[in-house]
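The structure under discussion appears below in the form of structure tokens.
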Amino acid sequence: MSRLVIVASMGGRLASDNLSAYCSSKAAIISVATVLRREMAKFGVRVSTIEPAFFKTGVYYAVIPSFEHNWANTPDPIRQVYGNQYFADQLAALKRRRRLSFGSKNLGTVVDAMVDAVRSRSPNKTYSPVNVWPFKVVPLVLPYIPQWVLDLGFRELDSTKPAFVSQKAK
């Protein structure tokens, strides 16, 4: 029996503000893996997806500098629409969310999932390795949480409005 193990991220299932490119690319990987799993089963190939969350990888450390770099290189007319206060508030919200993630540098659970996906007689379709125990429940309950509840939660984490919207409301 052949195996294909694809690494994505829980970000492909739970999109986070200011990480649209990252989350959409991980969602695309999950979709490709799903289709491959169905198509390759006919050939005896088992496909598993590893979807880690809350680990301190290069992405974890690059988010803030990348956000600041993108803002610094945004054309002035667009910066005026958003305003410096909006950027500062978004940066603060991003830092809060990053702190909340309790990211771990220990990738052992990710490696264990990969090994299991390769060695197990019956590998899981999806592995969701997480190092922080409260977040282990996220992959289990996420499919059952209505989108409006997720939207409300993210809105509570960040309710800032761009300068243009705030000025228009006055």
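Number of residues in region 13-39 that are modelled with pLDDT of 95 or more and either in contact with a Ser or Thr (Cβ under 9 Å, 6 or more places away or on another chain) or within 25 Å of D151 (Cα to Cα) (or both): the value is 11.
Checking R46 against (1) part of a helix (DSSP H, G or I); (2) farther than 23 Å from K105 by Cβ, which single condition isn't satisfied? Every listed condition holds for R46 apart from (1). Does region 33-41 contain any residue that is touching a helix residue (DSSP H, G or I) at 6+ places or on another chain (Cβ under 8 Å) and either surrounded by 12 or more Cβ atoms within 10 Å (Cβ to Cβ) or assigned to a helix (DSSP H, G or I) (or both)? No, the conditions are met nowhere in region 33-41. Listed by first and then second residue, the pairs linking a residue in region 104-119 that is under 10 Å from F55 (Cβ atoms) to a residue that is at pLDDT below 90, with Cβ atoms under 6 Å apart and 6 or more places separating them unless they lie on different chains, are S104/F55; S104/N131; K105/K56; N106/N131; T109/N131. Against the criterion of being at pLDDT 90 or above, out of contact with any strand residue (DSSP E or B) (no Cβ under 8 Å at 6 or more places or on another chain) and of a type in the set (K, R), K42 qualifies. For A27, the test of being touching a helix residue (DSSP H, G or I) at 6+ places or on another chain (Cβ under 6 Å), of a type in the set (A, V, I, L, M, F, W, C) and either assigned to a helix (DSSP H, G or I) or under 18 Å from T126 (Cα atoms) (or both) is passed.
Of the helices (runs of 4 or more DSSP H) lying entirely inside region 54-153, those containing at least 3 residues that are at pLDDT below 85, surrounded by 11 or more Cβ atoms within 10 Å (Cβ to Cβ) and not basic (K, R) span 58-72, 84-100. Condition first: among the charged types (D, E, K, R), under 13 Å from the mean Cα position of the chain (by Cα), within 24 Å of L152 (Cα to Cα) and not in a helix (DSSP H, G or I). Can you find one or more residues in region 6-14 that meet it? Yes - at least one qualifying residue is present in region 6-14.
The values are calculated or read from the model by the stated rules, or taken from the named source; none is laboratory data. Everything numeric in this text was worked out from a predicted model, so none of it was measured. All Cβ positions, even for glycine, are placed from backbone atoms using ideal geometry, and neighbour counts span all protein chains on display.
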